[in-house]
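Here the structure is laid out as structure tokens; the discussion comes afterwards.
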Amino acid sequence: MNKVILKKHFRDRLAERFGYSVSEVMSVDRESVFVWTKKNLDRCSNMMIKRKLVSRTDCSFMVENIKLNVVICGNKSNGYTFINTVIPRINLPETLTKL
């Protein structure tokens, strides 16, 4: 099992921009949280996630929390899981991403 490291940028941005605590975001509701990687990206309907994740490395992932309207970005490396940052959850229409 990987050790999880929460980066300072993640904690700061979570508090400043969203007003959530780490425990609020890390409690998982299976119906409203989805983990996206390049392997399952074809099933993702969120165009913002598709666009951002396609350009990242294979070890990158995004956790979409529909209930809290946030997307957590991270990556896996050498037995560690790094939680790097959190961004607002938006779903861009497909026509806008093609521009």
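If you check ARG17, ARG51 for being surrounded by fewer than 16 Cβ atoms within 10 Å (Cβ to Cβ), assigned to a helix (DSSP H, G or I) and over 14 Å from the mean Cα position of the chain (by Cα), only one passes: ARG17. Evaluated against (1) in contact with a Lys or Arg (Cβ under 8 Å, 6 or more places away or on another chain); (2) loosely packed, with under 14 Cβ neighbours inside 10 Å; (3) modelled with pLDDT of 90 or more, ASN2 falls short on exactly one condition, (3). Every condition in (1) out of contact with any strand residue (DSSP E or B) (no Cβ under 9 Å at 6 or more places or on another chain); (2) part of a helix (DSSP H, G or I); (3) of a type in the set (D, E, K, R) is met by LYS39 except one, and the failing one is (2). Can you find even one residue in region 25-43 that is surrounded by 14 or more Cβ atoms within 10 Å (Cβ to Cβ), touching a Ser or Thr at 6+ places or on another chain (Cβ under 6 Å), modelled with pLDDT of 90 or more and of a type outside the set (Gly, Ala, Ser)? Scanning region 25-43 turns up no residue that is surrounded by 14 or more Cβ atoms within 10 Å (Cβ to Cβ), touching a Ser or Thr at 6+ places or on another chain (Cβ under 6 Å), modelled with pLDDT of 90 or more and of a type outside the set (Gly, Ala, Ser). For region 51-99, taking the residues that are among the basic types (Lys, Arg) and either modelled with pLDDT under 90 or out of contact with any helix residue (DSSP H, G or I) (no Cβ under 6 Å at 6 or more places or on another chain) (or both), the one that is farthest from GLY19 (Cα to Cα) is identified as LYS98.
Of all the criteria given as (1) at negative phi; (2) without any contact (Cβ under 8 Å) to a residue 40 or more places away in the chain, the one not satisfied by TYR20 is (2).
VAL28 - would you say it is in contact (Cβ under 8 Å) with a residue 12 or more places away in the chain and within 13 Å of ILE72 (Cα to Cα)? Steps first, answer last, please.
On the way: in contact (Cβ under 8 Å) with a residue 12 or more places away in the chain: no; within 13 Å of ILE72 (Cα to Cα): yes.
No: the conditions fail for VAL28.
I need every pair where a residue in region 32-50 that is in contact (Cβ under 8 Å) with a residue 12 or more places away in the chain has its Cβ under 7 Å from the Cβ of a residue that is of a type in the set (S, T, N, Q) and not in a loop (DSSP other than H, G, I, E, B), sequence separation at least 6 or different chains. What qualifies is SER32/ASN65; VAL33/ASN65; MET47/THR97. For region 67-82, taking the residues that are closer than 18 Å to LEU14 by Cβ and surrounded by fewer than 15 Cβ atoms within 10 Å (Cβ to Cβ), the one that is nearest to the chain's Cα centre (by Cα) is identified as ASN69.
The values are calculated or read from the model by the stated rules, or taken from the named source; none is laboratory data. Since we're looking at a predicted model, the values are computed, not measured. Positions of Cβ are backbone-derived with ideal geometry, glycine not excepted, and every protein chain shown enters the neighbour counts.
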